[in-house]
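Quick notes on the structure that follows.
The values are calculated or read from the model by the stated rules, or taken from the named source; none is laboratory data. Please read these numbers as outputs of a predicted model, since none were measured by experiment. Cβ placement follows ideal geometry from the backbone for every residue including glycine, while neighbour counts extend to all protein chains displayed.
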Amino acid sequence: MDENLRTQIETYLAHLDGLIRRGRQVRDTLTTDPSDPSTMAATRAWQEDCGVTINQLSGGSKAHWLARSFSESFLMRSADGRAATGAAPTEIVTRLIDVLEQAVATLSGMGDSSDASGIATASQSSEAPPPRRFEFVHNPELRPVLEQAYIDSRRALEQNDYDLALRTSCGILEAIVTDALENKGPVALAASGAPTGRIADWSFETRLAVAESAGLIRSGCARLPAVARTYRDHADVDGENGTQATVSERDARQAGQVLKVIMRDLDPGR
C-alpha cells in the first residue's frame, strides 16, 4: 500500500474513533435529558462533524454508499419502506454511529491499494465520485447490492464472524461469475463445454468451472477452501437451514482473497 494512503487511512481511523466515542456520549446524554438545550446543541455539533467527515470519505459524491447511509439515518421508514418523518434523536445518533463503524470496518480492511475504491481518501478530487469495485458487473441494479455485501463481508471478518464473512464472500463471487456467464451468452458457453439448462440451475462449482473454461476467469478458484465450495449448505441459524460447518479464520480470509483475484480477472483494468 502507498505510504501516503496508509497515513491518510490511519488519520481517518483515529478521527472516526473519536467521533464514535463522542456519539456514544451524546446518546447517553440524550437518553437522560433529551430536552436540555446544551444537549441538543452538542448533538447538532456532533452531527455536523459527522457530515463533514462523511463528505470527505465519500469524495463529495451524494451517490456514494457512505453518503447515502448518512442521509438515510435521519429518516424513519413507513411500513411499506417509504421515507416518512424524521427519526427520534437517539435513534439518529445510533444510526450515525453504525455508519461511522461501517466506515471504520471498510478502512481497516484495506489490505492493498485496490481496496481503496470503497472509500474516497483526501487525495481524491471532491468533484468526482470515487471509483467503484463492481462497475464491471453488467447488471447495474446488482452493483450497489454487491458493494454493500462486500463491506459486510469485511466487517464480519473484523468482528471474527468467519462463517458470515465466508458465506458473504462466496455469495459475491457466485453473483459476479453468474453475471459474466449470462453476458457471455448460451452459444459461447456451449462451445466451451457448458452443460445444458439455465445458468440459475447450475451448482456453484459448475458456474466456476464453466467460467474458467470459457476464459472469463483464470484458475484462482482452485484456492477456495473446501468449506467455501459448499457455502450454500451452511446453516444460517443454529443449523436449522443447512448443515453444520466449521469455518476458520484462514478459510474466511482465503475466500476473500480468491474473490479479489476473480474480481481482477473480470475487470482487468482494476
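Observations on the model:
- Here Val187 meets the list (1) among the β-branched types (Val, Ile, Thr); (2) in a helix (DSSP H, G or I); (3) modelled with pLDDT of 95 or more almost entirely, failing just condition (3).
- Within the range 93-106, the set of residues being at pLDDT below 90 and touching a Gly at 6+ places or on another chain (Cβ under 8 Å) comprises just one member, Thr106.
- In the range 205-216 there is no residue matching the filter, namely being touching an Asp or Glu at 6+ places or on another chain (Cβ under 7 Å) and at pLDDT below 95.
- If you filter the range 211-223 down to residues that are in a helix (DSSP H, G or I) and either surrounded by 21 or more Cβ atoms within 10 Å (Cβ to Cβ) or not assigned by TED's automatic domain parsing to the domain that holds Pro186 (or both), you find that the one that is nearest to the chain's Cα centre (by Cα) is Cys221.
- Residues in the range 139-179 that are within 17 Å of Asp265 (Cβ to Cβ) and either of a type in the set (Val, Ile, Thr) or buried (at least 22 other Cβ atoms within 10 Å of the Cβ) (or both): 8 in all.
- Within the range 23-39, the set of residues being farther than 17 Å from Ser73 by Cα and either outside any helix (DSSP H, G or I) or in contact with a helix residue (DSSP H, G or I) (Cβ under 8 Å, 6 or more places away or on another chain) (or both) comprises Thr29, Thr31, Asp33, Pro34, Ser35, Asp36, Thr39.
- Some residue of the range 109-117 being under 27 Å from Arg6 (Cα atoms) and modelled with pLDDT of 85 or more: no
- Selection status of Arg132, modelled with pLDDT of 85 or more, charged (D, E, K, R) and either part of a helix (DSSP H, G or I) or surrounded by 15 or more Cβ atoms within 10 Å (Cβ to Cβ) (or both): no
- Within the range 32-54, being in contact (Cβ under 8 Å) with a residue 24 or more places away in the chain and under 31 Å from the mean Cα position of the chain (by Cα) holds for Thr43, Trp46, Gln47, Asp49, Cys50, Thr53, Ile54.
- Options Ala67, Ala63; residue that is within 25 Å of Glu147 (Cα to Cα) and outside any helix (DSSP H, G or I): Ala63
- Flag set for Val237, criterion: over 26 Å from Arg133 (Cβ atoms), modelled with pLDDT under 95, of a type in the set (Val, Ile, Thr) and assigned to a loop (DSSP other than H, G, I, E, B).
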